[in-house]
1. Tell me, what % of the accessible area of segment 35-124 is carbon and sulfur with a 1.4 angstrom probe?
2. For the peptides 80-89, 96-105, what is the packing order when you average, over each peptide's residues, the other Cβ atoms within 10 Å and list the highest mean first?
3. Relative to the compact-globule scaling 2.2 N^0.38 Å, provide the ratio for the alpha-carbon radius of gyration of segment 75-122.
4. Once you place label points 7 Å from the Cα toward the Cβ at W94 and L37, how far apart are they in nm?
5. Suppose the chain between R137 and D85 were pulled fully straight at 0.36 nm per residue; how much longer would it get relative to their current alpha carbon spacing?
6. In segment 49-138, with Lys and Arg counted as +1 and Asp and Glu as -1 at Cβ, which of these residues, S88, A99, L124, has the Cα nearest the positive end of the dipole, that is, farthest along it?
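The values are calculated or read from the model by the stated rules, or taken from the named source; none is laboratory data. No experiment lies behind these values; they were computed from the predicted model shown. Cβ sites come from the backbone with ideal geometry, for glycine too, and all protein chains shown count toward neighbours. Surface accessibility is based on the protein's heavy atoms, side chains included, excluding ligands, DNA and RNA. Shrake-Rupley method; radii C 1.70, N 1.55, O 1.52, S 1.80 Å.
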Amino acid sequence: MNRRVPHPVVNEVRVWDPIVRYGEHARFSDFLYAPRLALSYFTDLLRGRAKRYIGQSPAGAAMVFAMFVSLALTVSSGLVVYAYDKHSGPLAGWVHPDASEPVEEFWEETHEVLANVTLALALLHVGGVVMASVVHRESLVRAMIKGTKRI
């Protein structure tokens, strides 16, 4: 099952890539906010008085970057685990075939923790979308699907 995990990730990026590249407010260049602004937006959202953004909110942008980093680390650690377990995959030549049990166990534990962090980030992201939808009285899911948002 773990061998199939990166494929939905790649497909997700492929599906959203045209939107990210061509959407007026969904370009990655529009995702750049200072971390302080993301934290301020998040605390305001919890208080029910966050500023509404036409494009990505500062907290949403921070979450997108956090999920990309988390996914990259999860996939990378999974490839290391695969190389140790099966002596195969793109990193097989980079790992010692006679590695000690603690080394293999370290990578397995690291991969498991990173996978759980990625899952937690995804759940937090969904929760944030729901919360922002309620606070701003609009369906962000509909906006994501249609690519339009009321102004």
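1. Details: 3720 of 5640 Å².
Answer for segment 35-124 is 66 percent, counting heavy atoms of protein chains only.
2. Numbers: 80-89: 16.7, 96-105: 10.0.
So the order, starting with the most tightly packed, is 80-89, 96-105.
3. Working: Rg = 11.2 Å, N = 48, 2.2 N^0.38 = 9.6 Å.
The reported ratio for this selection is 1.17.
4. Reported label-point gap for W94 and L37 is 3.4 nm.
5. Details: separation 52, 0.36 × 52 = 18.72 nm, distance 4.95 nm.
Full extension of this stretch gives 13.8 nm more.
6. L124
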